[in-house]
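These notes are about the structure you will find just below.
The values are calculated or read from the model by the stated rules, or taken from the named source; none is laboratory data. Quick caveat: nothing in here was measured; it's all calculated off a predicted structure. Ideal geometry is used to build each Cβ from the backbone, glycine not excepted, and the neighbour counts take in all protein chains shown.
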């Protein structure tokens, strides 16, 4: 796909004290969101030699990740739908962000090139509500003067599993379209009026790629890696924007990290250049760990990622956290765990 890289300035990072060699060869386990799975796998590969830690991360969806960390069957959970303070307290969990990413609509429409088609939040909502059923519907044609759209049935593909990506996408639909806000609403699982379900970002990407007339939503890294056709979206300022790093960063710059649990809301932000579907992804770490060493190794892994993983994140078109946010997370670690 024709995408441009956009480099962010990297600041000096504070680091946790280096652990003793006993950490060499240690394994940590995590499960949850598929949204950040590509970058977690990249970080795991790169960190193994530097830290000796081996990460076993299962991309099973945010809902399953939350359940697994609540049941303490993994060392950390991962979710794109942040927990509120009451949920964190009840679960004895500390929540912190790792990176920000973007959700993009993906389509499989003959004759339509990457980033050519223009859509709005209202039109997307009506497609997934089953009110717009063909690609040459007058509302889509009106947005795309000069583009030849086929008389082809629209085939929506959605996440069948409890999904933070679904939470992010439906949060956008709820912000952009009153009929979605009063209907299915925003959640990790909603009642989809039409379409077919698939598991994981991987499943949705594959479902759209293999279905003529398909449309779905995935984290941007999956669209890039699979050379899928994405669309433009009309943002809150009324401008059609392409899913580029510049547009993701423009939205991410509005994040307010001072809220409890670092649960910044970056959906449908203002600004002429902002992509409207950008969100952080989060780690859930027990505050009462059954194995203190493994808990410490989880923090060591993500501390390494904060200090060394930004370039890898940008390669996959994720947006690294601001240095001030990383510093605040490390401070939260020290406050909770004393190290």
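Here are a few things to note about the model shown:
- Residue in region 96-112 that is out of contact with any strand residue (DSSP E or B) (no Cβ under 9 Å at 6 or more places or on another chain), crowded, with 18+ Cβ neighbours inside 10 Å, in the same structural domain as residue 214 (by TED's automatic domain parsing) and touching a residue at least 60 places away in the same chain (Cβ under 8 Å) present: no
- Inspection of region 300-317 identifies no residue that is surrounded by fewer than 19 Cβ atoms within 10 Å (Cβ to Cβ) and on the phi > 0 side of the Ramachandran plot.
- Any chance residue 307 is more than 30 Å from residue 225 (Cα to Cα), more than 19 Å from the chain's Cα centre (by Cα) and assigned by TED's automatic domain parsing to the domain that holds residue 31: no
- When residues of region 224-264 are limited to those that are in contact (Cβ under 8 Å) with a residue 40 or more places away in the chain and out of contact with any strand residue (DSSP E or B) (no Cβ under 8 Å at 6 or more places or on another chain), the one farthest from residue 102 (Cα to Cα): 260
- Tally of residues being free of Cβ contacts under 8 Å to residues at least 60 places away in the same chain and either touching a helix residue (DSSP H, G or I) at 6+ places or on another chain (Cβ under 7 Å) or outside any loop (DSSP other than H, G, I, E, B) (or both) across region 127-142: 7
- Qualifying residues in region 29-54 (those that are buried (at least 24 other Cβ atoms within 10 Å of the Cβ) and not in a helix (DSSP H, G or I)) - the one farthest from the chain's Cα centre (by Cα): 30
- Residue in region 252-265 that is assigned to a loop (DSSP other than H, G, I, E, B), in contact with a helix residue (DSSP H, G or I) (Cβ under 6 Å, 6 or more places away or on another chain) and over 30 Å from residue 177 (Cβ atoms) present: no
- Single residue of region 200-232 satisfying the filter (over 14 Å from residue 38 (Cα atoms) and in contact with a helix residue (DSSP H, G or I) (Cβ under 7 Å, 6 or more places away or on another chain)) that is surrounded by the fewest Cβ atoms within 10 Å (Cβ to Cβ): 230
- If the condition is being more than 21 Å from the chain's Cα centre (by Cα) and not in a loop (DSSP other than H, G, I, E, B), then region 278-304 contributes 286, 292, 293, 294, 295, 296, 297, 300.
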